[in-house]
1. Answer with yes or no whether GLU380 is more than 23 Å from the chain's Cα centre (by Cα), assigned to a loop (DSSP other than H, G, I, E, B), touching a residue at least 24 places away in the same chain (Cβ under 8 Å) and within 16 Å of the ligand (Cβ to nearest atom).
2. Are there any pairs, at least 6 apart or on different chains, whose C-beta atoms fall under 9 Å, with the first in the range 310-326 and open to solvent by 70 Å² or more (accessible area, probe 1.4 Å) and the second within 6 Å of the ligand (Cβ to nearest atom), and if so, which?
3. Go through (1) under 29 Å from CYS157 (Cα atoms); (2) out of contact with any Cys (no Cβ under 8 Å at 6 or more places or on another chain); (3) not acidic (Asp, Glu) and name the single condition ILE302 misses.
4. Here are PRO256, PRO252, PRO265, PRO284: which of them is touching a residue at least 24 places away in the same chain (Cβ under 8 Å) and touching a Gly at 6+ places or on another chain (Cβ under 7 Å)?
5. Tell me which residues, restricted to the range 313-351, are under 22 Å from PRO265 (Cα atoms) and among the β-branched types (Val, Ile, Thr).
6. When only residues in the range 350-370 that are within 11 Å of the ligand (Cβ to nearest atom) and out of contact with any strand residue (DSSP E or B) (no Cβ under 6 Å at 6 or more places or on another chain) count, which is most open to solvent (accessible area, probe 1.4 Å)?
7. Go through the range 329-349 residue by residue and tally those that are within 11 Å of the ligand (Cβ to nearest atom) and either closer than 18 Å to GLY62 by Cα or charged (D, E, K, R) (or both).
8. For the range 235-260, which residues satisfy the criterion of being under 19 Å from TYR105 (Cβ atoms) and either at pLDDT below 95 or polar (S, T, N, Q) (or both)?
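The values are calculated or read from the model by the stated rules, or taken from the named source; none is laboratory data. Everything numeric in this text was worked out from a predicted model, so none of it was measured. Cβ atoms come from the backbone with ideal geometry, glycine included; neighbour counts cover every protein chain shown. Only protein heavy atoms, including side chains, enter the accessible area calculation; ligands, DNA and RNA are left aside. Shrake-Rupley method; radii C 1.70, N 1.55, O 1.52, S 1.80 Å.
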Amino acid sequence: MIFLPYLGIILSLKFTLHNTDGAARAGALQTDRGEVPTPIFMPVGTQGAVKAIEPRELREVGARILLGNTYHLCLRPGTDLIERAGGLHRFIGWDHPILTDSGGYQVFSLSDLRGIDPDGVNFKSHLDGSVHRFTPESVVDIQRSLGSDVMMVLDECAPYPCDEEYASRSNDLTVRWADRCRSRMEQTAPLYGASQSLFAIVQGSVYPGIRQASARALVAMDFEGYAIGGLSVGEPVEAMYAITELCTGILPEAKPRYLMGVGTPQNILESIARGVDMFDCVMPTRNGRNATFFTRKGKINIRNARFATDLAPIDEACECYACRTFSRAYLRHLFKSQEILGLQLATIHNLSFYLWLTAEARKAICEKRFAPWQKSILSELVPEVGEDE
Ligand SMILES: [Zn+2]
């Protein structure tokens, strides 16, 4: 480890911390397929596609890393085909970094769970009812086949609410599985010539003691990055922030931190303020397809009659293709007439907004003005009465 007492501190081979402001961090994740500046929002391409947007447009809106999902991709189209295609990047036409979720969350939330044991989990596919099994080793093997730049360990995402005893047992299992994932990773090699890193996932529901034990046990195993999982699953937002802060207080400075499945623009800024570097959420894409646009003045639903003759852009200050080219009235017309272009433009704008938000946060951290910047942005982001969903 090289330490320099000024900007450009090299903290590890994979992650460079450029600057901090309070607990907020500006850094960069280095992968063989390119550098990812942090804080960063990762668009969700669960099935190997970010819905309603092309890979070339993803670059235009500022995407640097995409999320793919192990559960979905191994059930369909399957790893044999993806391996024959030369890996997920080539298969989906995206030669920049990809992070793959382990599939644990989907097994516990989507599939018909057939039983969990110390060695793994059996489940029935949500697609055709076929029975499958994930073990810590098999999810690493699948992610080797996919060739993702960042792989995730298999974890059990405890439901919310769950009692403390369940959360504790569940977390013990997740920690043991993380260790086995790491061993499997060390015994195997990447298939496509680009290195792959492995992130562990801190669990423990809303119980501070279990979260602490989880974070400490995983830190002792020395992963290349750490995710905070099992949040944004129905708990009060204050609990989410408190647990996030507790975890980032334990996780090593030198490693990237990823808050899984979060969240609203407000959630993201509050979590950056607590030391989180990476985010993913379906909110910008899913809400966009439901006619909700995120703007610097809050959310708007474009179906609202007040936009019927409004020839202003969605967001005056946004530089995305949708805002540079089209009016609110036209976008409303597209949604009212169910034109596919409406979904595409909403996705372009909302992802542009989320990526603008994390890029601006990064700038503010580097210029040591994150707290006042966050305050001014949040005061504007409050949805106008009658516009929120
Ligand atoms: Zn825009």
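1. Criteria not met by GLU380.
2. GLU316/CYS323; GLU319/SER352; TYR321/HIS349; TYR321/SER352; ARG324/CYS318
3. (1)
4. Sole residue among the options that is touching a residue at least 24 places away in the same chain (Cβ under 8 Å) and touching a Gly at 6+ places or on another chain (Cβ under 7 Å): PRO256.
5. Scanning the range 313-351 gives ILE314, THR347, ILE348.
6. Applying the filter and picking the extreme gives TRP356.
7. 5
8. Within the range 235-260, just THR244 meets the criteria.
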